[in-house]
1. What do you get for the angle between helix 261-274 and the principal long axis of the chain? Use alpha-carbon atoms, 0 to 90 degrees, nearest ten.
2. For the range 31-59 and the range 80-115, write down the distance between their C-alpha centroids in whole Å.
3. Just to confirm the number: angle between the C-alpha axis of helix 187-207 and the first principal axis of the chain, 0 to 90 degrees, nearest 10?
4. Per DSSP H run of n ≥ 4, the term is -39500 (n - 2.57); total these for the chain, divide by its residue number, and report the mean residue ellipticity at 222 nm rounded to 500 deg cm²/dmol.
5. Give the percent of DSSP beta bridges with both residues in the chain that are antiparallel, rounded to the nearest 5.
6. When only C-alpha pairs under 8 Å and at least 6 residues apart count, what is the relative contact order of the range 162-229, in percent?
7. Between rounded, prolate and oblate, where does the range 1-140 land on the alpha carbon gyration tensor, with a ≥ b ≥ c its root eigenvalues, rounded for a/c under 1.5, else prolate if a/b exceeds b/c?
8. If you fit an axis through the alpha-carbon atoms of helix 235-245 and take the longest principal axis of the Cα set of the chain, what angle between them do you get, 0 to 90°, nearest 10?
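Values quoted throughout were computed directly from the atomic coordinates according to the rules given, and no laboratory measurement underlies them. Quick caveat, the model's predicted, so the values are computed rather than measured. Neighbour counts run over all protein chains shown; Cβ positions are idealised from the backbone, glycine included.
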């Protein structure tokens, strides 16, 4: 199994001279199974160059796994060129919206409303089908086993584990480490802490011994207190997660759009220096557009 990063920024695309080395596109990861089945994790602006790279090759049969419906993870949907090719098969997976209970098909349809895009879904040439997932659902795509894991974010967000040929990867989508907002020694605190403990245990169990762990590392530990509740993690929380589950390689992604490449490297280097004694046996990589990994 192999994978490639086509977008590593969070929140909004940030092209320009400050982001040339790591890239300015938002989240999109191409995964190829041992049988070369195509799985795509999220459809941020990075899905546009991915779609361009597929043109002129064999007919596209893509399995698009959407973590959640925030725009930086779906804003490339309308510009995925294979959708305009009648030879394309595109299978779209995702969860229900929290507040409305609407399906992933609804999320897709909204992106093609004329208020936002001049071409409607009905005008697409590709053959489309949709599958709305439930928590902890596992299913097969070609020679891979995919598991949807509910993460912690202001909207329903699925992380995805992909197992194939004895190797595995997991992508968190957007994920914030759990925290308890209630005063200690109150009934609400104890009740919420029980829920946190159960959710954390379920996530850790789903990620156990994963080979490649791709994690939302938006903030430094110093930045996080001002961003608590926004739904994103830190380099420190990603390291703690990787150590708990026994991951072999940690890939840090969802970089802040305001960080230049130099600033990103500086905070990453400082993080590695601060935790030099804790990372033996664990490889850690700062993800960049074009990074290709074979497991």
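1. 40
2. What the calculation gives is 16 Å, centre to centre.
3. 60
4. Helix-only estimate at 222 nm: -6500 deg cm²/dmol.
5. Antiparallel bridges: around 45 percent, rounded to the nearest 5.
6. RCO, the range 162-229: 45 percent.
7. rounded
8. 90
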